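Q: Let me begin by handing over the structure; questions about it come next.
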There are 2 protein chains.
Amino acid sequence: MRISEHVQEMSRWSEAQRRDGRRIALVPTMGFLHEAHLCLVRDGKKRADRVVVSLFVNPKQFAPSEDFAAYPRDFGRDRELLERESIDVLFHPASDEIYPAGFQTQVSVDKLGLFLCAPHRPGHFQGVATVVAKLFNIVRPHVAIFGEKDYQQLQLIRRLVQDLNFDIEIVGHPIVREADGLAMSSRNIYLSPEERQAALCLSRSLGLGACMVRRGETRERVITEAVRAEIEKEPLAKVEYVTLCDSATLEAVEAVQGTALLALAVRVGKTRLIDNRILKPME
Amino acid sequence: MRISEHVQEMSRWSEAQRRDGRRIALVPTMGFLHEAHLCLVRDGKKRADRVVVSLFVNPKQFAPSEDFAAYPRDFGRDRELLERESIDVLFHPASDEIYPAGFQTQVSVDKLGLFLCAPHRPGHFQGVATVVAKLFNIVRPHVAIFGEKDYQQLQLIRRLVQDLNFDIEIVGHPIVREADGLAMSSRNIYLSPEERQAALCLSRSLGLGACMVRRGETRERVITEAVRAEIEKEPLAKVEYVTLCDSATLEAVEAVQGTALLALAVRVGKTRLIDNRILKPME
């Protein structure tokens, strides 16, 4: 496994691989890797001849009040995990390599950047879109793999790729969960044992929503209120939002018709967690 | 000369050229070509094995009050001129090929998009940055050539390329002028014979500014006021702005030190014209 810290070195490697007709997969991460990241990596290996993992804790996607400084980092462990997966390049640039002095260009996806997490995380999706556009131009992958836990991010990147004519296939990988249902996240490390237990209310409440739909309920208000009530049973949890929306546009819907997305953000103690589930009405 | 109206066809052609190791130059235009465009094309031919000219009157770079509908178009003539230059591809997409339903991604260059023309043309530079990012991804040129008449656009595109890590060389081509000094522009067609004569005040006033600097004047206020007064001698002309600024950042300067840019926008009758000149103090 090659470790590259520089944009130019990374680009040249990719250029040479492309010239040799090799297909490149990119898995963008912020590090502190867990099993879900490794699932994306293994997916990448199936889809391409070469796998690049980027590890960059992107300051521009954290709002000023958020956990950029505290975000968990363990480069040694990440490197070891990726070596074990036999990836080809770990791209690990410093912040001033990605944002040198004078940097001032922003990419934004207007409508998809309005819903769900957006009002709660000012600047987040612009930061994501900008760094992803950069990574795409630096690594020049044929395929890039993102987790469906960050469903809004995934849809936004699909749109970005289509709108700016990047010639890249975007793959969404299903949410990877712990045995008890908690969606894997680097931020789970923040949770105390009590909070870890309390955090099960996210997947449990999504399960309740899915169950209601299977039994014939389609009304948005009825479903989201039940989900919210389920979360509020948990004293350590505080709902940020519970939304039922169109799974492509993320616009709110009044009823489940075709496929809908049930998405939520919950604070458990001081930790902000997100989760989601695709719902389909009875057929 | 191949004419391509479709993004996918254009991309595939470029991809094949790149695979064969050919270097591609792109000259982006809005058509209604004149000698200055052809100079960019000839420059491109010297710098690459293949030349692509894009012809797209980009609705997103016109403010609602501007001349999008009236902008001069003559595809037959443009095609003929380009055939004579033996370019390889004329990329001529329809508007909904570039902006299909659901399009919502914007690229903006924050600081460079604040100065000079920006306050007078709301949304213009975001429209430029967005379409240029798209053209770069569709055509995938090694080099792209822009005229220095649109100096702010050129600097903004240099910044965009650097910030988003496009692997493209950006070339600025010196302003091409008519024999009497008027900078060539597709919009010159709007001018009546009297206005055409009045429009000489742009290059004349820039000449005055350059002359003042050669004679030792460096103060911004003194220079811009003299330039403005020179333009205001012309009854058909109305100054929009006269600015002396840093030639790289476009920030206003109080004095000419090293290289400075003297830039102006003037309405002659109903036609908005721009021009600029690099000034260097006596050495």
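Q: Based on alpha-carbon centroids, what's the gap between region A:156-185 and region A:19-65 in Å, whole number please?
A: 11 Å
Q: Anyone know which of B:His34, B:His173, B:His124 comes out most mobile in the 10 Å Cα GNM of chain B?
A: Of the options given, B:His34 has the highest mean-square fluctuation.
Q: While we're looking at this one, here's another question. How crowded by other chains is B:40-51, given as the mean number of beta carbons from other chains within 10 Å of each beta carbon? Kindly include the intermediate steps, with their values, before the conclusion.
A: Working: counts 0, 0, 0, 0, 0, 0, 0, 0, 0, 0, 0, 0.
Partner-chain Cβ atoms within 10 Å, mean over residues of B:40-51: 0.
Q: Between copies, how far apart are the A:Ala69 label points? List them in nm, one decimal, shortest first, with each point 7 Å from Cα toward Cβ, please?
A: With the label placed 7 Å along Cα→Cβ, A:Ala69 yields 5.6 nm.
Q: Around A:Leu279, which amide H atoms from residues at least 5 apart in sequence, or from another chain, sit under 5 Å from its own amide H, with H modelled in the peptide plane?
A: A:Ala260, A:Leu261, A:Leu262
Q: Let me ask something else. Size of the protein assembly as shown along its principal axes in angstrom, Cα-based, largest extent first?
A: Between the extreme Cα coordinates on each principal axis of the protein assembly as shown lie 80, 51, 47 Å.
Q: So which residue, out of A:Gln152, A:Gln257, A:Gln61, gets the largest mean-square fluctuation from a GNM of chain A using Cα contacts under 10 Å as springs?
A: Checking each option, the largest mean-square fluctuation is seen for A:Gln257.
Q: Taking every residue in A:167-175, how many Cβ atoms of other protein chains lie within 10 Å of its Cβ, on average?
A: Values: counts 8, 1, 0, 0, 0, 0, 0, 0, 0.
Taking the mean over all residues of the peptide, I get 1.
Q: I need B:Leu182, A:Leu156 ordered by Cβ neighbour count within 10 Å, fewest first.
A: Values: B:Leu182 20, A:Leu156 27.
In increasing order of surrounding Cβ atoms, one gets B:Leu182, A:Leu156.
Q: Name the residues whose placed amide hydrogens come within less than 5 Å of the amide hydrogen of A:Phe32, ignoring near sequence neighbours (fewer than 5 apart) on the same chain.
A: A:Asp74
Q: Over what distance in Å are the Cα centres of region A:78-143 and region B:197-249 separated?
A: Result: 44 Å between the Cα centres.
Q: With the calculation restricted to Cα positions, what are the radius of gyration and Dmax of region B:166-269 in angstrom?
A: That works out to 14.9, 47 Å for Rg and Dmax.
Q: Something else about it: Using only DSSP helix segments of four residues or longer, with each worth -39500 (n - 2.57), what per-residue ellipticity at 222 nm results for chain B after dividing by its residue count and rounding to 500? Intermediate results must be reported in sequence, preceding the final value.
A: Working: 9 runs with 103 residues, N = 283.
Only helices count here, giving -11000 deg cm²/dmol.
Q: Another question, if that's okay. Taking chain B as a Gaussian network, where each spring joins two C-alpha atoms under 10 Å apart, which residue of B:Ser205, B:Ser11, B:Ser95 fluctuates the most?
A: Largest GNM mean-square fluctuation: B:Ser95.
Q: I've got another one for you. Of all trypsin sites (Lys or Arg not before Pro) in region A:236-283, which ones are in loop regions per DSSP and have a Cβ with at most 15 other Cβ atoms within 10 Å? Each step should come with its number before you reach the end.
A: Details: sites: A:Lys238, A:Arg267, A:Lys270, A:Arg272, A:Arg277; in loops: A:Lys270.
Qualifying residues, ordered by number: A:Lys270.
Q: Skipping prolines and chain starts, which residues have an amide H placed within reach, meaning under 5 Å, of the one on B:Ser4, given they are 5 or more residues away or on another chain?
A: Those qualifying (amide H under 5 Å, at least 5 residues apart or on another chain) are B:Leu90, B:Phe91, B:His92.
Q: Under a point-charge model restricted to the Cβ atoms of Lys and Arg (+1) and Asp and Glu (-1), what is the dipole moment magnitude of region A:130-277 relative to its Cα centre, in debye to the nearest 20? Please list the in-between numbers first.
A: Details: 20 positive and 20 negative charges, 50 e Å.
Value, rounded to 20: 240 debye.
Q: Another question, if that's okay. Can you compute the charge dipole magnitude of the protein assembly as shown about its Cα centre, using +1 on each Lys and Arg Cβ and -1 on each Asp and Glu Cβ, nothing else charged? Give it in debye, rounded to the nearest 20. Present the calculation step by step, with values, prior to reporting the outcome.
A: Values: 78 positive and 78 negative charges, 118 e Å.
Magnitude of the dipole: close to 560 debye.
Q: A further question follows. Kindly provide log₁₀ I(q)/I(0) values, in the same order as q = 0.10 Å⁻¹, from the Debye equation applied to equal alpha-carbon scatterers of region A:102-242.
A: -0.45
Q: Quick one, could you list the DSSP H helices from chain B stretching 15 Å or more along their long axis (Cα atoms) with average Kyte-Doolittle hydropathy of 0.0 or above? Mind showing how you got there, number by number?
A: Working: long enough: B:7-19 (18 Å, -1.70); B:35-47 (18 Å, -0.87); B:124-139 (22 Å, 1.19); B:151-163 (18 Å, -0.59); B:200-214 (21 Å, 1.11); B:220-232 (18 Å, -0.21).
Within chain B the helices that satisfy the rule are B:124-139, B:200-214.
Q: Can you tell me what share of the DSSP beta bridges in the protein assembly as shown is antiparallel? A percent to the nearest 5 is fine. Spell out each step's value before the answer.
A: On the way: 47 of 85 bridges.
Restricted to the protein assembly as shown, the bridges split so that about 55 percent are antiparallel.
Q: Note the direction-averaged projected area, equal to a quarter of the hull surface, for the Cα convex hull of region A:40-117, in nm². Could you put the intermediate results ahead of the total?
A: On the way: hull surface 30.2 nm².
In nm², the orientation-averaged hull projection of region A:40-117 is 7.6.
Q: Place +1 on the Cβ of every Lys and Arg and -1 on the Cβ of every Asp and Glu in the protein assembly as shown, take the dipole about the Cα centre, and give the residue among A:Ile87, A:Gly127, B:Phe103 whose Cα lies farthest towards its positive end.
A: A:Ile87
Q: Per 10 Å bin, what percent of the C-alpha pairs of chain A does each bin hold, from zero upward?
A: Final binned percentages: 6, 27, 35, 22, 8, 1.
Q: Also, I was wondering about something else. Averaged across the residues of B:127-139, what count of C-beta atoms belonging to other chains lies within 10 Å of each residue's C-beta?
A: On the way: counts 0, 0, 3, 3, 0, 0, 8, 4, 1, 3, 9, 4, 1.
Other-chain Cβ atoms within 10 Å of each residue's Cβ, averaged: 3.
Q: Still on this model: Suppose you put the label 7 Å out from Cα in the Cβ direction; list, shortest first and in nm with one decimal, how far B:Lys46 is from each other copy's label.
A: Distances between equivalent label points, in nm: 5.4.
Where a number appears in this text, it was derived from the coordinates with a stated rule and is not lab data. In this text, all values refer to a predicted model and were calculated from it rather than measured experimentally. Backbone-built Cβ (ideal geometry, glycine too); neighbour counts: all protein chains shown.
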